[in-house]
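Take a look at the structure set out below.
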Amino acid sequence: MSAVNLLDFDTASLGRWFAEQGEKPFRARQVMRWVHRAGVANVEQMTDLSKDLRARLAQSAEIRAPGVLKDSTAPDGTRKWLLDVGAANGIETVFIPETNRGTLCISSQVGCALECAFCSTGRQGFNRNLSAAEIIGQLWHANRALGADLLNGKRVVTNVVMMGMGEPLANFDAVVTAMRVMLDDHAYGMSRRRVTLSTSGMVPWMDRLRDTLPVSLAVSLHAPNDALRDRLVPINRKWPLAELLAACRRYIEGAASAPDHADDEDEPVDELRQVKWQRHAAPRDFVTFEYVMLRDVNDRLDHARQLVDLIGDLPCKFNLIPFNPFPDAGFERSTQDAVLRFQAELIEAGFVTTVRKTRGQEIDGACGQLAGQVQDKTQRSARRADAESAA
Ligand code: SF4
């Protein structure tokens, strides 16, 4: 029998696993604290479990996060890890320290199938979804590497953004399991406001997330009309802007009228009294729209005005992202003037609008620039090369 990976469980599913082993389900809470709050890598270190139980656990379970292939730190403190997820694939995780917070950008897939035109990850094609262990393993690893000590109140990663490689809603179940662990007081105990999921606009799964585990929501918008968004974010052809914005409204309004079904199977068992998530309110009363600034493509003043008309009274914030060029990107970064004019137009219309600081450029650590290493199963690189040689 192969050993289970304890990083694959949330508290409720670990309780069920213990019950199947003939153990008390409440052991799950103890083990979650050791694995995630204390950050131990070995069941031998779980000293409040009996010796017998530790011996049995050592036979049947392990704690296995992705190994580190590369660890780089930029002069501004941004730190990036290339993590080994097997079969010559690597994913990237980035830690961005700021004065009053530390944000970890986590990947959810090896590559991405969605082919956004400006995205370095999208260029590489898609290999597979990450498991829950590989997703939460990024936070587990970062906490250990950064010297966090949650048991004694030393928190280094204060915020998590699901904005690394991949479309998180395309790997729904594993991402939700990992986010449950982030929010669980027996594990990382993060507030739902400090866990942000960023989607390119997978509308049905936005509703599912609202009904299952609402966290803060960011949407990769990048264009003020369908014609341009079809080109930049091709999933727009399936769920165009009107549907996307309606889903954003539903998300903000919360799940009060939605069927209460999504996480029934994860309800606590027996004496496990896991905190029940409040499913009926969005953690924030706005959506953050991400907008990558591409020179002469989507950065003109008339684009900003279209955006104002498009969004109307939808509660939101804008985050303008300076584009990080990569080889053969086919796009250039907007000028500083263009970004500031665009920002001013949105602010004038009453929208809170920030410009993302570029961090960690020396290590290609900025979001949207996560390259990793992907053994493409979609043949995208080959198709692209064919198209270019035919042109
Ligand atoms: S921007 Fe996000 S959804 Fe689009 S291709 Fe890149 S990783 Fe995928």
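All of the numbers you see were taken from the coordinates with simple rules; none came from a lab. Only a predicted model underlies this, so the values are computations on that prediction, with no experimental measurement involved. FYI the Cβ positions are ideal-geometry reconstructions off the backbone, even for glycines, and counts take in every protein chain you see.
Things worth noting here:
- Fewest-first sequence of Ser198, Ser2, Ser60 by Cβ atoms within 10 Å of each Cβ: Ser2, Ser60, Ser198
- Three principal axis extents describe the C-alpha atoms of the chain; from largest down they are 68, 48, 41 Å.
- Alpha carbon centroid spacing (whole Å) that separates segment 126-194 from segment 41-108: 10 Å
- Segment Arg193-Arg249, length gained on full extension (0.36 nm per residue, minus Cα span): 18.4 nm
- The simple spin-label model puts a point 7 Å past each Cα toward its Cβ; for Ala87 and Asp302 those points are separated by 4.7 nm.
- Rounded to the nearest 500, the helix-only mean residue ellipticity at 222 nm of the chain stands at -9000 deg cm²/dmol, with each DSSP H run of n ≥ 4 adding -39,500 (n - 2.57).
- Förster radius 56 Å - calculated FRET efficiency between Thr73 and Asp313 (Cβ-Cβ, nearest 0.05): 0.85
- Counting every other Cβ atom within 10 Å of each residue's Cβ, Leu244, Leu209 order from fewest to most as Leu244, Leu209.
- P(r) weight above 18 Å for segment 4-62, C-alpha pairs, percent: 19 percent
- Pairwise Lys count, the chain - Cα closer than 22 Å, eight or more residues apart or different chains: 6
- Most mobile of Gln124, Gln59, Gln109 in a GNM of the chain (Cα contacts under 10 Å): Gln59
- Relative contact order (%) - the chain, alpha-carbon pairs under 8 angstrom, separation at least six: 19 percent
- Cα-based radius of gyration of segment 175-229 once divided by 2.2 N^0.38 Å, which approximates compact folds: 1.34
- The calculated FRET efficiency for the pair Asp173 and Asp328, based on their C-beta separation and a Förster distance of 30 Å, comes to about 0.30.
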